[in-house]
């Protein structure tokens, strides 16, 4: 039962990071950095880590 709860927690955190990353990529700050030629990788990094956590959480919570 503890593994299932841990998996669900990973899923929730992963989904939160994906939402944060997608919102950050569309933020005004990110758009301004893009305009001046600076690359803002925070959104991509958060989205990627979130996706990994969602996959890991799904695997952990669905295992018997």
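The values are calculated or read from the model by the stated rules, or taken from the named source; none is laboratory data. Remember, it's a predicted structure, so these values are computed and weren't measured experimentally. FYI the Cβ positions are ideal-geometry reconstructions off the backbone, even for glycines, and counts take in every protein chain you see.
Scanning region 43-64 for residues that are over 12 Å from residue 8 (Cβ atoms) and crowded, with 17+ Cβ neighbours inside 10 Å returns 43, 46, 47, 50. Is there a residue in region 23-42 that is surrounded by 15 or more Cβ atoms within 10 Å (Cβ to Cβ), in a helix (DSSP H, G or I), at pLDDT 90 or above and out of contact with any helix residue (DSSP H, G or I) (no Cβ under 6 Å at 6 or more places or on another chain)? No, region 23-42 contains no residue that is surrounded by 15 or more Cβ atoms within 10 Å (Cβ to Cβ), in a helix (DSSP H, G or I), at pLDDT 90 or above and out of contact with any helix residue (DSSP H, G or I) (no Cβ under 6 Å at 6 or more places or on another chain).
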